[in-house]
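Any read-out appearing in this document is the output of simple, stated calculations on the displayed coordinates, not a laboratory observation. Being a predicted model, the structure only gives us computed values, none of them experimental. All Cβ positions, glycine included, derive from the backbone under ideal geometry; neighbour counts span all protein chains shown.
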Amino acid sequence: MEERRFVDDPGSGWEQVDAGVRRRILAHRPELMMVEVAFEAGAVGTPHAHPHVQSCYVAAGRFRVTVDGEVRELGAGCSFVVPPDTLHGVVALEPGRLIDAFTPQRADFLPAG
């Protein structure tokens, strides 16, 4: 799956990625990828790092966000950026959704083949 220009079925493509965490890949090209992530209350986006630049928009809910040791509580309408190779993670303080943009795209999120 090299490129996906349009996403016209908002209910499709969800995959369970962790306890209380689902994601779906939205529009993408090799240079850029958009991903929607849904969290149940208390679910954790496990701290991790990757070589991609990540920009994240809080579409719904409240999250405790940690980026490089700095902790903030963010709600709907807030956003944050994660530099490459920087440890980051979230805890959903209530049910919520994040919209992540990655550059380049997260090839590891795409189905093989």
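Annotations
- Residues of segment 82-99 with an amide N closer than 15 Å to a point placed 7 Å from the Cα of Ala49 along the Cα-to-Cβ direction: 82-89.
- Length-normalised contact order of the chain in % [C-alpha pairs under 8 Å, at least 6 apart]: 31 percent
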